[in-house]
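What follows is a set of notes on a single structure, which appears directly below.
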Amino acid sequence: MATETDHPLVILGAGYTGRLVYEKGTARGRIVLAASRTPQHHLDFVPLARRLRFDLEDRTTWRNLPSSCDLLWCFPAEPPELVQEFAGNLTVRRPVVLGSTSAYQENPSRDYPPPWIDETASLDLKKPRVQGEEWLRMNCQAVVLRVAGIYGLGRNPLNWIKQGRVGPSRKYVNLIHVEDLANICLVALERGVRGEAYNVSDGTPRTWQDICHLAKERFGVQPTVEVRDGLIGKRIDNGKLLSLLTQAGAPLRHTDLLQSLEQIVAAETPSEATP
Ligand SMILES: NC(=O)c1ccc[n+]([C@@H]2O[C@H](COP(=O)([O-])OP(=O)(O)OC[C@H]3O[C@@H](n4cnc5c(N)ncnc54)[C@H](OP(=O)(O)O)[C@@H]3O)[C@@H](O)[C@H]2O)c1
């Protein structure tokens, strides 16, 4: 009888998240193949035999995928026409697509705090990537993960504040640590219900005001910009994801932002050379 490990897992777009899924999947004994548009430049962490060249925009690379694999799609599923042409001829066992919480329509009311958003909320189908994701969900029974802001080692929110990419405001942000996201991808591949969408966040929407306050008090990081755009953001409900993770016995590990930021800062700080 076939087992999970009989089928290779192909990661389309082995970037920040995909690389970690590659490492975790391989460590769990799966055969994982990583794909890139330029494998010679971006896949030096993957043995040659496990590298694939794949570019959605280059049809000649589509045939590089093995048949009957599991698939993790880690870049925006657009343009929709090309997504349909590619996926229409694909024989994939279990497809999982990384989407974004930006798929949900902005809340037209100005209620504050903004209402909680679960997977039944209205989508912004004007966005090409949302069209692509929804086509994959409905026609290929893909599991779509609607992912919040990804952070972790190498993507440190304290740097976003220092660089002025964000500043103190009432806007809510939802985050997920890349370590948790990589585990969630593997759980979704093994147990996600086909054709379903799952919100992926750590479950605690925070305002940038609160995060900037934490950054200043605990890490001495001062905001460099004032934000007056009036945006209120979203509060993402991760209840459906938590049920899936509970069934899998794979709880979220990074729900305490302060602790996770401390770990990132410690990992970024060069240790003193021993004499
Ligand atoms: N960053 C966030 O905070 C955030 C939040 C919500 C959702 N997401 C979504 O989550 C997913 C993973 O995010 P990430 O930050 O881990 O992604 P990432 O680091 O950008 O990795 C994705 C990789 O996909 C490859 N790629 C891009 N376009 C492609 C194409 N047309 N055909 C084939 N490969 C292509 C690129 O690698 P090569 O150059 O090697 O081909 C790219 O590095 C993405 O879909 C992203 O939009 C991200």
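The values are calculated or read from the model by the stated rules, or taken from the named source; none is laboratory data. No experiment lies behind these values; they were computed from the predicted model shown. Don't worry about glycine lacking a Cβ; one is built from the backbone with ideal geometry, like all the others, and counts go over all protein chains shown. Surface areas here come from the heavy atoms of the whole protein model, side chains and all, with no ligands, DNA or RNA. Shrake-Rupley method; radii C 1.70, N 1.55, O 1.52, S 1.80 Å.
A few points about this structure:
- Distance between the C-alpha centres of the stretch 52-116 and the stretch 151-169: 26 Å, rounded to the whole angstrom.
- Accessible area of the chain belonging to carbon and sulfur atoms, whole % at 1.4 Å probe: 49 percent
- Among residues other than Gly167 with Cβ under 11 Å from its Cβ, the summed charge is +2 (Lys and Arg +1, Asp and Glu -1).
- Residue-span extension gain [Met138 to Gln40] - 0.36 nm each, minus C-alpha spacing: 31.8 nm
- From its DSSP helices (H runs of at least four residues, each -39,500 (n - 2.57)), the chain gives a residue-normalised ellipticity at 222 nm of -9500 deg cm²/dmol.
- Most simply put, the stretch 116-269 has about 25% antiparallel DSSP beta bridges, counting only bridges with both residues inside it.
- Solvent-accessible area per residue for the stretch 63-148 (1.4 angstrom probe, square angstrom): 47 Å²
- Length-normalised contact order of the chain in % [C-alpha pairs under 8 Å, at least 6 apart]: 17 percent
- Computing FRET efficiency as 1/(1 + (r/R0)^6) for Arg93 and Thr204, where r is the C-beta to C-beta distance and R0 is 35 Å, gives about 0.55.
- Taking each residue as 0.36 nm, the span from Ser67 to Asn159 lengthens on full extension beyond its C-alpha to C-alpha distance by 28.9 nm.
- Residues of the stretch 133-176 with amide N under 16 Å of the 7 Å Cα→Cβ point at Glu217: 168-169
- Along the axis of the charge dipole computed for the stretch 76-268 (Cβ charges of +1 for Lys and Arg, -1 for Asp and Glu, origin at the Cα centre), the listed residues Val178, Pro115, Gln84 are led at the positive end by Pro115.
- Here's the list of lysines a cross-link from Lys234 could span, going by alpha-carbon distance under 29 Å and ignoring same-chain residues fewer than 8 apart: Lys126, Lys127, Lys162, Lys171, Lys216.
- Within the chain, antiparallel bridges make up roughly 10 percent of the DSSP beta bridges whose residues both belong there.
- DSSP-assigned coil residues among GluC sites (Glu not before Pro) in the stretch 1-109, each with at most 13 further Cβ atoms within 10 Å: Glu57, Glu106
- All other residues whose Cβ lies under 13 angstrom from that of Thr207 are scored, Lys and Arg at +1 and Asp and Glu at -1, for a net of +4.
- Gyration tensor verdict on the stretch 1-102 (Cα atoms; rounded if a/c is under 1.5, prolate if a/b is larger than b/c, oblate otherwise): rounded
- For Tyr104, distant residues with modelled amide H under 5 Å away: Asp124
- Euclidean distance between Cα centres, the stretch 195-223 to the stretch 6-22, Å: 27 Å
- The modelled label-to-label distance between Arg28 and Arg191, using points 7 Å beyond Cα along the C-beta direction, is 1.0 nm.
- Scaled to the globular estimate 2.2 N^0.38 Å, the Cα spread of the stretch 27-158, given as radius of gyration, is 1.21.
- Taking the convex hull of the alpha carbon positions in the chain and averaging its projected area over all directions gives 17.3 nm².
- Environment charge of Ser243, counting only residues whose C-beta is closer than 13 Å and scoring Lys/Arg +1, Asp/Glu -1: -2
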